Every structure is written in C-alpha cells, then in structure tokens.
Amino acid sequence: MKVAIAKDGDEVSGHFGHCSEYEVFTVEDSRITGREILKNPGHEPGKLPAFLARHQVTHVLAGGMGPRAVDLFCANNIEVFLGIAGSVDGVIQDFIAGKVTPGQSSCHHSGECGH
C-alpha cells in the first residue's frame, strides 16, 4: 500500500489541498519500505486525487478536506482518513499499527476547504 500524508513541515496539515507537500510511504508487511516527497502541484478541483492516483496512492491522511474532495478520492479508489493530527513520523507508525481511525475533518468551511 502507499500512504500519502498531507504535511506542513514535520506535522500533518490541517487542510489537505493547501499543504506544502505530501509524504508518500510505501508499506509492505507492516514495514515502511520506501518514502518520497511530492510537492503540492496546486489546489484545483479534482487535480489532487488524480495526481496521487497516478503515484499509486491507496490511502490519504490529513487534518481535513471538503466533502467533494473526499468523493473524488473515493472515485479514484483512495481511502481517506480525516481528523488526523501530530507528527508525520508518529502518524505513519500509528497507521501501520492500526491505531489511526478516521475522525472529524478539521475543515469547517462550506464546500471545499479554504473557500
């Protein structure tokens, strides 16, 4: 599986579409076997789900995103976990251990986050 975490610095970003970059972890047999940084290519409707799908991402973790973005990720067979906070390294370890469950999105705007 490939897990993309929206991040700002070393912390999980509160808004998926507005983060500076995504850290993508390749996880096999409950171990991290690879990691890469993808710069955010820009926040446009529908762009990020397709972008991450091209990188074979299967799971996305973030503080929040709008409901339309969640639907677009689901349409790309990418599972979304929202309400995530903390250090990226701690969150990926918790995710691998099965200790991360989806929560409430930190996005409380109407429509897409940031609008």
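Any chance the stretch 59-67 includes a residue that's crowded, with 17+ Cβ neighbours inside 10 Å, without any contact (Cβ under 8 Å) to a residue 24 or more places away in the chain, farther than 12 Å from LYS2 by Cβ and over 11 Å from the mean Cα position of the chain (by Cα)?
Checked the stretch 59-67: no residue is crowded, with 17+ Cβ neighbours inside 10 Å, without any contact (Cβ under 8 Å) to a residue 24 or more places away in the chain, farther than 12 Å from LYS2 by Cβ and over 11 Å from the mean Cα position of the chain (by Cα).
Being within 22 Å of ALA97 (Cβ to Cβ) and free of Cβ contacts under 8 Å to residues at least 60 places away in the same chain is a condition met by at least one residue of the stretch 44-57.
If the condition is being more than 18 Å from PRO45 (Cα to Cα) and polar (S, T, N, Q), then the stretch 1-27 contributes SER13, THR26.
No value in this document is a laboratory result; all are computed from the given coordinates. Please read all numbers here as calculations on a predicted model, not as lab measurements. Quick reminder, even Gly has a Cβ in these numbers, built from the backbone with ideal geometry, and neighbours come from all protein chains shown.
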